[in-house]
Amino acid sequence: MAPKSYIAQVGRFLGQEVTLEGWVYNHTHKGKLHFVMLRDGTGIIQAVIFRDTVGEAAFEKSLQLTLESSVRISGIVTEDKRAKGGFELQAQAIEILQIAPEYPISPKEHGIDFLMENRHLWLRSSLQHAIMKVRHEIIKACRDYFDQLDFTLIDAPIFTPAACEGTTTLFETDYFDSKAYLTQSGQLYMEAAAMAFGKVYCFGPTFRAEKSKTRRHLTEFWMIEPEMAFCDLQQDMAVAEGLIMKILERVLENRREELKKLERDLAPLEVIRTPFPRMPYDEAAAILKKENPDFIEGDDFGAPDETILSQQHSSPVMISHYPVGVKAFYMKADPQQPDRALCVDVLAPEGYGEIIGGGQREDDLEVLLNKIRAHKLPEEAFAWYLDLRRFGSVPHAGFGMGIERTVTWICGLKHIRETIPFPRTMSRIYP
RNA sequence: UCAGGUGUAGCUCAACCGGCAGAGCGGGUGGCUGUUAACCACUAGGUUGUAGGUUCGAGUCCUACCACCUGAGCCA
């Protein structure tokens, strides 16, 4: 048998015979000629099957092929202007691994519910394939960025004994004779790790039982969370800015083809420059008072507010110093203005909204203890967390970036559900 | 959870004022040596989301329920 190749590398075998293994993406036939679009995960190539070349029996068998049937085709790689991708495979022999029954997803239109019900198959489609490739690139860019800055990857637990933030709803689960909760953030554990390693990050799934039915929410999503000892809000923001620039650089370098397939306008991504506009809450609130009559000063921003703010700039906007009341208990208050928190939200451009939330953490034992009490959180569950302020407390900061929201923005999608292989939402846990 | 909307063939959708349930795609059969979501001919495919009600007659009107979609709150 001829040597194996992946479709993406087929150009190296021009004029030679190779064996390709994959699935039938589409096919059509015309008398003694049969065209099979072969898909192997790395690309798509058209195999041309002539009756006279492969023989009567093999040709007849090839006509049995259906969408997504699995095959092994050996043939000579040729260049052909008529073929998409420029290369074609002149089939010499075909081995059918399996004939698939009627495939539910046709190249025609489908509704979102049907596609989600068939998500396990939908992932084979070219647009979904492109989104997952961009997701992969973004995750790799994040890892490389933190590795270059000498961060240590520290994995946070998924089972937790109590609310990390205490504000949002948690998924509860049985844990032998007691209860446990699925994590909604690795942050508190990263704070412990930062005191051990200096600069750390975690990357893992997080869970929110919020009954949110919007295009921006999943109940299970992935978050990358750096945490740095001896770090203030300004330095924290610089790291966040650098991370976003790294992602843009990598995606524009390596995934142009995928973004083009997704019909993503690259111009808004290409014009992004540092430094990103930085704006304290009060300044943002003043803008919103003019633009949105429903906005109440002192409140957190709603989705329409974020859209208004992000559309005023071509680069992501960093909004800091929110009122302490709308933020979590661990946020450090600004010593200059104690009713404002040393926190930051990063809003992606083009109305995509919040992709990063973070800030400087409260590092004073007494202040933190009082906040835990004020928020009516179970004190004993935070004993270990308070220890971090007892044994060598230092200023520290970090943030969390939602991977799926970032992918939604980079890909220019209108809904978050296609950015994760198997989305979990309020109304979907299958497949 | 609230507010709107949708539910008809495997899929995407038609069906006028309440009057014979229809098309394209996909499937099957046959044809074609250059197709790209091919084309031509033939063909199979239905408990109109579920349960009630009004009516001579309901896909169509009414009630309840279910599922999904869009948006809001909350958040990354």
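Only the coordinates and a few stated rules stand behind these numbers; no lab work does. All figures in this text were calculated on a predicted structure; none of them were measured in a lab. Positions of Cβ are generated from backbone atoms using ideal geometry, with glycine treated the same way; all protein chains shown enter the neighbour counts.
Odds and ends about this structure:
- Part-to-part distance (alpha-carbon centres) for the range A:353-431 and the range A:132-206, which is given in Å: 9 Å
- Residue order, fewest to most beta carbons within 10 Å, for A:Arg143, A:Arg340: A:Arg143, A:Arg340
- Rounded to 5, the percent of DSSP beta bridges in chain A classed as antiparallel: 90 percent
- Karplus-derived HN-Hα couplings along the range A:44-60 (A = 6.51, B = -1.76, C = 1.60, θ = phi - 60°), whole Hz, x at Gly and Pro: 10, 9, 8, 9, 9, 10, 9, 4, 5, 7, 8, x, 4, 5, 5, 5, 4
- By the count of other C-beta atoms within 10 Å, a proxy for reagent exposure, A:Met37, A:Met237 are ordered fewest to most as A:Met37, A:Met237.
- Principal-axis tilt of helix A:187-197 within chain A, Cα atoms, nearest 10 degrees: 80 degrees
- Note on the range A:1-112: antiparallel DSSP beta bridges, both residues inside, total approximately 85 percent of the bridges counted.
- Modelled FRET efficiency - R0 30 Å, A:Glu350 with A:Glu172, Cβ distances, 0.05 increments: 0.20
- With q set to 0.14, 0.17, 0.20 Å⁻¹, the log10 of I(q)/I(0) for the range A:7-98, from the Debye formula over equal scatterers at the Cα positions, is -0.41, -0.61, -0.87.
- Extension gain, A:Lys140 to A:Met1: 0.36 nm times the residue separation minus the Cα-Cα distance gives 46.4 nm.
- Computed from the Cβ-Cβ distance with R0 of 25 Å, the FRET efficiency linking A:Gln64 to A:Gln90 stands at 0.75.
- Subtracting the Cα-Cα distance of A:Lys290 and A:Thr28 from their residue separation scaled by 0.36 nm leaves 88.4 nm.
- Between A:Lys260 and A:Arg72, the FRET efficiency from the beta-carbon distance, with R0 = 35 Å, is close to 0.70.
- Taking other residues whose beta carbon is less than 11 angstrom from the beta carbon of A:His321, and scoring Lys, Arg as +1 and Asp, Glu as -1, yields -2.
- Counting charges near A:His129 (Lys, Arg +1; Asp, Glu -1) among other residues having Cβ under 10 Å from its Cβ returns a value of +3.
- Max-minus-min Cα coordinates of chain A on each principal axis give 85, 54, 41 Å, with the largest extent listed first.
- Among the listed pairs A:Lys30/A:Lys261; A:Lys81/A:Lys261; A:Lys260/A:Lys414, a Cα-Cα separation exceeding 22 Å is found for A:Lys30/A:Lys261.
- Most fluctuating residue given options A:Glu109, A:Glu379, A:Glu17, as computed from a GNM of chain A linking Cα atoms under 10 Å: A:Glu109
- A:Tyr25, A:Tyr189, A:Tyr175 arranged by Cβ crowding within 10 Å, fewest neighbours leading: A:Tyr175, A:Tyr25, A:Tyr189
- Other residues with beta-carbon under 11 Å from the beta-carbon of A:Arg72 carry, at +1 per Lys or Arg and -1 per Asp or Glu, a net charge of -2.
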